[in-house]
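For reference, the structure is listed below as structure tokens.
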Amino acid sequence: MEVATGTAEVVVDPARPRSATLLVNGVPSSYVDLDDPGRLDFEYMQQMAAVVDALVDQDDAGATAAPGPDVVHLGAGACALARAVGHRHPAARQVAVELDGRLAELVRAWFALPRAPRLRIREGDARTVLAGMRTASADVVVRDVFAGDRTPEHVTTAGFVADVARVLRPGGVYLANCADRPPLALARAEAATVATAFAHVALVAEPAQLRGRRYGNIVLVGTDDPGLLDDAGLARTLRTLPVPARMLTGAELAAFVADAPVREDPADPPTAGASET
């Protein structure tokens with residue numbers, strides 16, 4: 001089906017008739033199981049969900065824990081991660097930002113997404129919508145923005161990451177999906193860039209990716225919380241996922257990044273407006 005940014009197609013899983021993959025311009029964007037909103041088939045989404053779970057568990061252990069989390073998803077797709085977060089954490093309040101308003105409308109119809117206030121979908125450019133969000137208004141910001149199989153440059157820069165840090169509350173976490181291929185130059189540069197705004201940074205990937213053997217999705221994590229990325233439970237959860245993943249922090253991450261350059265804004269970000277679906 002034609003959408004504003006190209007084409008969208010839903011491919012039903014023959015083994016699970018109530019499950020389907022959303023393809024945007026021929027590229028798999030999301031896998032949704034209508035009978036199991038907590039199901040995540042994409043490995044990088046499982047990794048992101050593990051970090052969100054660790055954040056919520058840490059907050060729940062504190063004396064001043066608040067309802068939530070408040071999550072901003074930059075790049076909506078079929079909202080698979082948002083559905084899973086909402087299923088695991090029913091008090092979550094979430095906003096999904098999607099550039100293609102027609103796609104957002106179709107996704108709501110196809111996948112029976114929760115309505116506001118549990119999940120709101122806003123139409124607009126990810127960076128522009130983020131710039132209009134209140135300071136310290138979110139616990140989690142997820143960047144999962146793609147044009148084809150690449151992340152648009154204007155949401156990979158130090159200026160963008162600084163705005164993510166502004167929107168996050170103290171102790172919040174930034175999660176970015178970085179699709180890269182050997183020698184992982186983009187992932188190294190993105191990790192260096194995240195470190196310009198966050199004191200604590202991690203990179204999560206399958207071991208084969210870290211050895212530079214194949215193309216895949218790498219999750220970058222940024223936070224000002226010194227304890228989140230040192231959580232032994234989080235590292236253990238990542239190692240025991242269906243496809244085990246490693247988390248690089250500290251000296252290991254510094255060795256991985258080496259002298260990779262920080263990504264800077266080549267030009268002013270887009271100024272398109274936003275609306276809600």
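A few points about this structure:
- Hey, G124 surrounded by fewer than 17 Cβ atoms within 10 Å (Cβ to Cβ) and either more than 16 Å from S30 (Cβ to Cβ) or acidic (D, E) (or both) or not: no
- Of the helices (runs of 4 or more DSSP H) lying entirely inside region 158-277, those containing at least 1 residues that are of a type in the set (V, I, T) and buried (at least 17 other Cβ atoms within 10 Å of the Cβ) are 158-167, 185-194, 232-239, 250-257.
- Whichever residue in region 3-13 is without any contact (Cβ under 8 Å) to a residue 40 or more places away in the chain and within 17 Å of W110 (Cα to Cα) and, among such residues, is least open to solvent (accessible area, probe 1.4 Å): D13
- Top-ranked residue of region 22-36 - restricted to ones that are assigned to a loop (DSSP other than H, G, I, E, B) and touching a residue at least 24 places away in the same chain (Cβ under 8 Å), ranked as nearest to A84 (Cα to Cα): L34
- Residues that are under 22 Å from the mean Cα position of the chain (by Cα) and open to solvent by 60 Å² or more (accessible area, probe 1.4 Å) were ranked within region 14-35; the one that is farthest from D100 (Cα to Cα) is P28.
- Listed by first and then second residue, the pairs with beta-carbon distance under 7 Å, at least 6 apart or on different chains, first residue in region 165-188 and within 20 Å of D224 (Cα to Cα), second part of a strand (DSSP E or B) and open to solvent by 20 Å² or more (accessible area, probe 1.4 Å), are R169/D139; G172/D139; N177/N217.
The values are calculated or read from the model by the stated rules, or taken from the named source; none is laboratory data. This structure is a prediction, so every number in the text was calculated from the model and none was measured. When we count neighbours, we look across all protein chains shown, and the Cβ atoms used for this are built from the backbone with ideal geometry, even at glycine. SASA here: full protein model, heavy atoms, side chains in, ligands and nucleic acids out. Shrake-Rupley method; radii C 1.70, N 1.55, O 1.52, S 1.80 Å.
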